[in-house]
Structures are given as C-alpha cells and as structure tokens.
1. Long-range amide H contacts for residue 352: which residues qualify at under 5 Å (H placed 1.01 Å from N, peptide plane, sequence gap of 5 or more or a different chain)?
2. On a 0 to 90° scale, report how tilted helix 17-27 is relative to the longest principal axis of the chain, with both axes built from alpha carbons and the result rounded to the nearest 10.
3. Test of the criteria: in the stretch 272-301, which trypsin sites (Lys or Arg not before Pro) are in a DSSP loop and have at most 15 other Cβ atoms within 10 angstrom of their Cβ?
4. Among the listed pairs 64/147; 147/274; 238/364; 188/396; 318/364; 116/396, give every one whose C-alpha distance is greater than 32 Å.
5. Would you order 253, 403 from fewest to most other beta-carbon atoms within 10 Å of each residue's own beta-carbon?
6. Taking only the alpha-carbon positions of the stretch 213-274 and ignoring solvent, what does the Debye formula give for the base-10 log of I(q)/I(0) at q = 0.12, 0.13, 0.15, 0.16 Å⁻¹?
7. Whole number please: convex hull volume per residue, Cα atoms of the stretch 72-180, in Å³.
8. List the GluC sites (Glu not before Pro) in the stretch 227-308 that DSSP assigns to loop (not H, G, I, E or B) and whose Cβ has at most 11 other Cβ atoms within 10 Å. Which are they?
Amino acid sequence: MKNLKIKSRKARLIFPLCVVLLSLLTICCNDELKVDKETFFPPKADEESRFDIFYPDSGGFGTKLILKGYNFGTDTNYIKVTVNDKKAKVIRANDNIIYAIVPSRADTGYVRLYLKKGEEFEEFTSETEFRYLFKSNVSTLFGVPGKAAEDNRLDGPYAEALLRRPWQIVTDNDGTIYFVDEGRGQSKNGALRKASNGNVETLVYDNNGVFQSPNGVVFSLNEDTLFIPNRWTGSDVKTDVNIVFSTRDANFVNTKALVTIPKAGTNSVAVHPKTGEVFFDHNSEGAVYRHTGNGNYEKMLVVREGYNDMEMRLLFNKTGDILYIIARKKHCIYRVTYNAATHTFGIPELFAGDYGESGYASGKGTGARFNQPSTPCLDPEGNLLIPDKMNHCIRKITPEGEVTLYAGQPQKSGHTDGLPDKAKFYEPEAVTFSGNALIVADRGNHCVRNVVIE
C-alpha cells in the first residue's frame, strides 16, 4: 500500500442484528464462501463497493470475523482487513462476503476494509467498534504447589520436580527457563536450576567455592553468559565474591568470580540492552556500580544520600536510556536517566510509590503503594511488570508511572489458578516475559507460574 492513494468511506450498517446473527449461523454451515480457484478476480474497478456490516461484534484472538457487503472480488491479494489498525489474516472472499481472523492483542477498535482498485485502495470503516476480549489465564508451570524440597532438590518432570523458594528467574530466546532457588552457605542450600522440554534439572548447588549465596540471575546481551549476584549475609557466606558468572559453553554448570567487593550485599545485576555493560548494586552503600572489565568497577550513583539497605533490583528500559531501581525494602521505585555514550547517570527521581511507605493502592506515581516490590521485567510494550511480594500480586507500571493490578488478589495469599483477577500467589519474588506469557517465581508456593494475557 506504500505510496498508493486511499479513498476513505464509512461502512453502511444496513442489516438488523437479528438477521446478522441468523446469517452467521447459516454462513458457517453452507458453501457460500467456497470459491473455485479458477474464478479468482479483483473487485470491479468501475463499480461501487460497499462494506455493510461485520460480525460477531466481539471476540478474542482467532475469532472468525465475517464482513458483508458488495463488490469485494474473490482474490484476497486485493483485500486487506484490520481490527483496531492491526492486520487481520484474510482467509477467503466470494465478492459479497469476506472471512478473516482477528489478530492477537488487537484491542477494541474499528474494523477497516481496504480494496485495491487499479493503483488506489478504497478504505471503508465500520460505524461500530469490534470489542476485543483478551484471553487470560494463570496456571502452574512446574513445581508442586506448597511442597518444598527439604534437602536436595528433586529434579524431573514439571509436575513432580520439587523447588525450594524460587527466588529469581530468566528465560532465553529459546524459551528455556533458568532460575535460582534461595539459599545461603556452602551445603547445597541454594541452587541454579534449569527448566525446559518438560523437565527441571539442577545445574549448580551452593558450595565452598564462589557460588554460595545466589540472589539473582540475568543474561548477557548475547545470552552466552549468566550473571549471578552472590549476596553476602555474614557468618553463613565465606566468600567476598559478590558477582559470579557461568557460560553456555560450560553448560552453565561452572561458576567463576566476576567482581569481588567484600560485604557489598549485592542483590541485583542489570545488563544494558544496547552496550551489554554490566551494572550492579552495592547494598551497604545504597549505590549502583558499573563493571569495567577484568574484575574492575566504578561507582556510578547513590540512590538516596545517607540511606542504604534498600535491597535494590535493577532493570533498564528497552532503549537503555532509563534505569529502574526497585527499592524493595523501601516499597518504591526510582527512575534515572543514563547516557551510554558518556557512561553517566542523571539524578534518581521517585517514580512510583513513596519511600518507606508500604501498603496497597493503584494510581499514578507517588500515589501508588507497594509492599516489597521485587524483581521486575518489561512486557512487549515496555511496561514494567513487577511482583508486589507482600501484597501477593503482580502489578503493571506504564512508562508514565500509572500503576494497576496485573494478576492476583491484592493482600490475599494462596495458590489458585484461573483468571488473573481470581488467581492467588504467595510472596511472588520475580518475573520474566517469554513469548506471550509472564513467568512468575512464586516463592511462597515453591513453584513457577504462567500468566497468559495474550
């Protein structure tokens, strides 16, 4: 359609609703839409075309959409249909009827029909909107809800594998899930694990080397390396290494030291989405650092002068010019700009929630309330999805700072699958987005959940 002229018209809705519904039933059961391949033809350029009506008036992804009118032609190469400006797949046409499929995540909006006549496209717009119904569901992906592994983890099929306090989680481009079971010390209390093809397996246990207190997991830009913050907690951790790494070449079973800062209490690592730079928090200082290579680092910013022990979680936006800083213990989220060319940050500003004020409230910016927000991710539209741990739910924050409920029943813990607003979580700790699903480390339920909202 590039550089082609478009003539726009409003669809004339001329069929009574009762006739429409009866027609729908009839059309689906007869041969009206069958077209002999040898009779394919475009709409007649010298005759008027009409778009009279569409039905049904609502549905979700995959709904069969019928458009009725006149002079559509039968060659689908000359026909384009959109729902809320999202392209629908045109299956076939018989000159008076078009059969299309509602696209994924179309949302509510007008149905538009484009018919190519010569070098021009005629555009027709429905008088009413198609009401899009999102398909939503929360399910348990793997782990046995409510049953924790007592000693060693139990590997095996998704429905049988035993987890213990799944703590952090990430997925690669192939959909393989890597997650950390919470634990401290040198005796297999914590672990790095993998879930794929219906099976869970343990890759690394806590040991007397550098892997003693896994507190997160994040991929490098090319997904060949996992970075894992190693949180120092005192007597049960005997290493000063605060970030370890493991490579895909080694099947993620060997860990080595990346950064060593004694008693840093690092909780989070963030990888810049364009440059691949590695950033991490220093909990004892309330600061963010940048890894500069070969174990070296530099201090980049202090979130709030004179304050520390925030238990930060770090995440860049998709373009890398904004770093979100979740201050978990302080129940709020900061935002700060970043210039990758000069390696400099701006001044952190409060983005959502209020420092030190716990609670539950939707709203914009500092009017919202959280209770221990934890490790977030971005959805395909760039919104923050964040587990609100002690409110037992998942929240959504737009780039403008509007906070709403995404899934779960606020302040009600438990384990219930089903519709997002009926589902229950128990201290969800981390989320990651994979395909069209949000993957949740449901820490208190000792399982991993799947939230599908198209």
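None of the figures in this text is laboratory data; all of them are computed from the coordinates on show. Values in this document were obtained by computation on a predicted structure and should not be read as measured data. In this analysis, Cβ positions are derived from the backbone assuming ideal geometry, glycine residues included, and neighbour counts consider all displayed protein chains.
1. The answer is 333.
2. 90 degrees
3. Here the trypsin sites (Lys or Arg not before Pro) that fit, given the DSSP loop and packing criteria, are 274.
4. 64/147; 147/274; 238/364; 188/396; 116/396
5. 253, 403
6. Computed log10 I(q)/I(0) values: -0.28, -0.33, -0.43, -0.48.
7. Spread over its residues, the Cα hull of the stretch 72-180 gives 172 Å³ apiece.
8. Counting only loop positions with at most 11 other Cβ atoms within 10 Å, the GluC sites (Glu not before Pro) in the stretch 227-308 are 305.
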